[in-house]
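Below: the structure, in structure tokens.
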Amino acid sequence: MLHSAFTRRTLTASLPPVKAADVEAVAVATAPPIVPLNRRSLHDEVVDRVRTLIVEGHLAAETRIHEGDLGRALGVSRTPLREALKVLASEGLIDLVPGRGAIVRKLTAKDVREMLDVLRALETLAGRLACRLASDDDIAALRAVHDEMMAYYASRNRLEYYWRNQAIHARLAELSGNALLASLHQVIQARLRRVRFIGNEEPSKWAGAVAEHEAMMAALEARDGDRLAEVIERHLEETWSRVVDKI
């Protein structure tokens with residue numbers, strides 16, 4: 001018993017005193033991780049809402065965006081709205097004009113023709129590369145988005161169809177494995193958003209675009225790069241025909 005008591009006293013005496021800061025550090029280390037707030041969620045939502053207003057034509061070309069009115073309609077202050085407008089300006093959907101504010105950009109027929117020409121070159125190359133480089137899982141995932149798009153076509157939900165359509169074109173560029181190609185494609189596609197949306201206003205034109213997308217998907221699944229490039233070239237040429245009289 002004396003030996004046991006002596007041992008306890010000896011061990012206790014050899015241990016350094018425990019500080020309150022050490023206890024606090026241990027408590028913090030063992031506490032569950034704190035997940036930061038998603039500060040971009042409001043920003044992203046405002047960007048998406050204003051972008052959709054432009055794409056659907058609720059904010060028409062050459063219209064000055066009144067920050068106060070739009071902010072009240074969206075239920076947000078001017079600060080997140082101004083940040084959203086900067087993003088949309090970088091996408092080429094609006095112009096920030098000193099002394100006037102944000103103006104919805106109007107594209108000329110020449111603008112659209114030139115961008116579609118470059119887009120055609122990018123997407124035909126992307127299609128050839130994707131047929132060689134994309135994995136089976138990549139192609140299956142794109143097929144899933146295509147099927148979603150077709151379901152929205154069947155229900156005639158043009159806006160949701162449109163967003164899936166744009167996602168397919170963007171993903172095809174990514175599947176090229178060429179980061180520069182995908183980056184250039186993103187810039188041009190963003191600037192053409194409103195124009196490409198109005199191209200499917202008429203049922204016959206929309207049906208034509210759908211048939212072209214079906215052919216694109218079939219060519220990709222067959223990994224037929226030449227066939228896919230041919231369909232994409234025709235698709236983008238027909239896109240010009242569908243929109244030229246609406247610019």
* Got a sec to turn the phi values of the range 195-205 into Karplus ³J(HN,Hα) couplings, 6.51 cos²θ - 1.76 cosθ + 1.60 with θ = phi - 60°, whole Hz, x for Gly and Pro? -> 4, 6, 5, 6, x, 10, 5, 8, x, 5, 5
* Rounded if a/c under 1.5, otherwise prolate or oblate - the range 108-247, Cα gyration tensor axes -> oblate
* Structure fact -> the range 149-247 accessible area per residue, 1.4 Å probe, protein heavy atoms, integer Å², reads 44
* Asked: What percentage of the solvent-accessible surface of the range 192-240, computed with a 1.4 Å probe over protein heavy atoms, is contributed by carbon and sulfur atoms?
  -> 48
* Could you list which residues have their amide H under 5 Å from that of Ala102, counting only those 5 or more apart in sequence or on another chain, with H placed in the peptide plane? => Ile65, Val97
* Asked: Let a ≥ b ≥ c be the square roots of the eigenvalues of the Cα gyration tensor of the range 170-247; is it rounded (a/c under 1.5), or, if not, prolate (a/b larger than b/c) or oblate?
  -> oblate
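Quick one: length gained pulling Thr79 to Asn157 fully straight, 0.36 nm per residue minus the C-alpha distance?
Values: separation 78, 0.36 × 78 = 28.08 nm, distance 3.25 nm.
Working it through step by step, the gained length comes to 24.8 nm.
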* Tensor-based shape of the range 135-197 (alpha-carbon gyration tensor, a/c under 1.5 rounded, otherwise prolate or oblate) -> oblate
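With Cβ to Cβ distances under 15 Å as the rule, what net charge do the other residues near Arg227 carry (K, R +1; D, E -1)?
Counting the neighbours of Arg227, the net charge comes to -4.
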* Structure fact -> Output for the range 37-145: GluC sites (Glu not before Pro) sitting in coil per DSSP, at most 13 other Cβ within 10 Å, listed by number, reads Glu62
* Structure fact -> Note: Ala89 to Arg234 extended length (0.36 nm per residue) minus current alpha-carbon separation gives 49.2 nm
* Structure fact -> With all protein chains in place and a 1.4 Å probe, Lys106 shows an accessible area in Å² (nearest 10) of 100
* With each pseudo-label sitting 7 Å past Cα toward Cβ, what's the Thr63-Ala167 distance in nm, one decimal? -> 2.6
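Students sometimes get this wrong: rank Asp69, Asp245 by accessible area, probe 1.4 Å, all chains present, largest first.
Asp245, Asp69
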* Asked: Once phi is turned into θ = phi - 60°, what whole-Hz ³J(HN,Hα) does the Karplus curve with 6.51, -1.76 and 1.60 give for every residue of the range 227-232, x standing for Gly and Pro?
  -> 5, 5, 4, 5, 5, 4
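The values are calculated or read from the model by the stated rules, or taken from the named source; none is laboratory data. Since we're looking at a predicted model, the values are computed, not measured. Cβ coordinates were reconstructed from backbone atoms using ideal geometry, including for glycine residues, and neighbour counts include every protein chain displayed. The protein model used for the area step is the full one, side chains on, heavy atoms only, and it has no ligands, DNA or RNA in it. Shrake-Rupley method; radii C 1.70, N 1.55, O 1.52, S 1.80 Å.
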